[in-house]
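Right, one structure below, let's go through it.
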Amino acid sequence: MDENIRREIIMEHYQNPRNKKEGLDNSYLKVNTRNASCIDNLDIYIKINQNIIEDMSFTGEACAISTSSCSIMITNLIGKTILEAKEYIANFEAMINEQEYNAEILQEALAYNEIYKQNNRKNCAFLPYKGIKQILERIKDELK
């Protein structure tokens, strides 16, 4: 992806984040993701209905990378099954760790395909994904 397009996508999602609001009712699960080494502190809300991510949103304060990454992640996960969400998250994690990944499913998240060059920014980009992984693991444990 061209560097200018990458920067444009990140800045658009930072300045105009999608779904930045609190969960609307108690049907949303909530997780807090915090980066101890900077200001990143996001609450992420997810509503799952019959194995489908029906809605997601977030609130909080974070850097451009974390905020834009969260906005893009939420945009891409709404409407997906839990299995599809796990696949998306695994591919994003593989991409930022310079491993093999499926670029087709990542869409705008490809803007972070060179984030590995700045190790400290990898944490920022992956922060919202860590939170969603926690929720999906919690759901899996509750279904046992």
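I'd like the antiparallel share, as a percent to the nearest 5, of DSSP beta bridges with both residues in the chain.
95
Quick one: compute the contact order of the chain, relative version, from alpha carbon pairs under 8 angstrom and 6+ residues apart, as a percent.
Here the relative contact order equals 26 percent.
So if I restrict to the alpha-carbon atoms in segment 1-118, what is the Rg, and what is Dmax, the biggest pairwise distance, in Å?
14.1, 42
I need the trypsin sites (Lys or Arg not before Pro) found in segment 21-76, filtered to DSSP loop residues with at most 14 other beta carbons within 10 Å of theirs.
Answer in residue order: Lys21.
In whole Hz, with x marking every Gly and Pro, tabulate ³J(HN,Hα) for segment 87-102 from phi via Karplus 6.51 cos²θ - 1.76 cosθ + 1.60, θ = phi - 60°.
Along segment 87-102, the couplings run 5, 4, 4, 4, 5, 5, 4, 4, 4, 6, 9, 6, 10, 5, 8, 9 Hz.
Would you mind computing, in nm to one decimal, how far apart the modelled labels at Leu83 and Gln118 are, each placed 7 Å from Cα along Cα→Cβ?
Between Leu83 and Gln118, the label points sit 3.8 nm apart.
Treating only the Cβ atoms of Lys and Arg (+1) and Asp and Glu (-1) as charged, compute the dipole magnitude of segment 38-144 about its Cα centre; round to the nearest 20 debye.
200
Set the bar at 22 Å for Cα to Cα. Now go through Lys30/Lys80; Lys21/Lys122; Lys80/Lys117 and name every pair that lies beyond it.
Lys21/Lys122; Lys80/Lys117
Show which aspartates and glutamates lie in cross-link reach of Lys86 when reach means a straight Cα distance below 12 angstrom and same-chain residues fewer than eight apart are skipped.
Answer for Lys86, where 12 Å is the Cα cut-off: Glu137, listed by chain and number.
Among the GluC sites (Glu not before Pro) within segment 1-51, which fall in a DSSP loop and have no more than 15 other Cβ atoms within 10 Å of their own Cβ?
Glu22
About the Cα centre, and with charges only on the beta carbon of Lys, Arg (+1) and Asp, Glu (-1), how big is the dipole of segment 29-89? Nearest 20 debye, please.
Computed charge dipole of segment 29-89: roughly 100 debye.
Just to confirm, what accessible area per residue do you get for the chain at 1.4 Å probe, in whole Å²?
That works out to 54 Å² per residue.
Can you run phi through the Karplus equation (6.51, -1.76, 1.60; θ = phi - 60°) for segment 53-66 and list ³J(HN,Hα) in whole Hz, with x for Gly and Pro?
Using θ = phi - 60°, the values come out as 6, 7, 7, 8, 7, 8, 9, x, 10, 7, 5, 4, 5, 5 Hz.
Taking θ as phi - 60°, what are the ³J(HN,Hα) couplings along segment 126-136 by the Karplus curve (6.51, -1.76, 1.60), each to the nearest whole Hz, with x for Gly and Pro?
8, 3, x, 5, 4, x, 5, 4, 4, 5, 5
If packing is taken as the average number of other Cβ atoms within 10 Å across a peptide's residues, how do 67-74, 37-44 rank, most packed first?
67-74, 37-44
Can you give me the three principal axis dimensions of segment 53-144 from its C-alpha atoms, in Å, biggest first?
Principal extents (largest minus smallest coordinate, Cα): 39, 31, 21 Å.
Farthest toward the dipole's positive end in the chain, which of Asn4, Ile96, Phe58, given Cβ charges of +1 (Lys, Arg) and -1 (Asp, Glu) about the Cα centre?
Phe58
The values are calculated or read from the model by the stated rules, or taken from the named source; none is laboratory data. Because the structure is predicted, anything quoted here is derived from the model rather than measured. Reconstructed Cβ throughout: ideal geometry from the backbone, glycine too, with neighbour counts over all protein chains shown. For accessibility, only protein heavy atoms count, side chains too; no ligands or nucleic acids. Shrake-Rupley method; radii C 1.70, N 1.55, O 1.52, S 1.80 Å.
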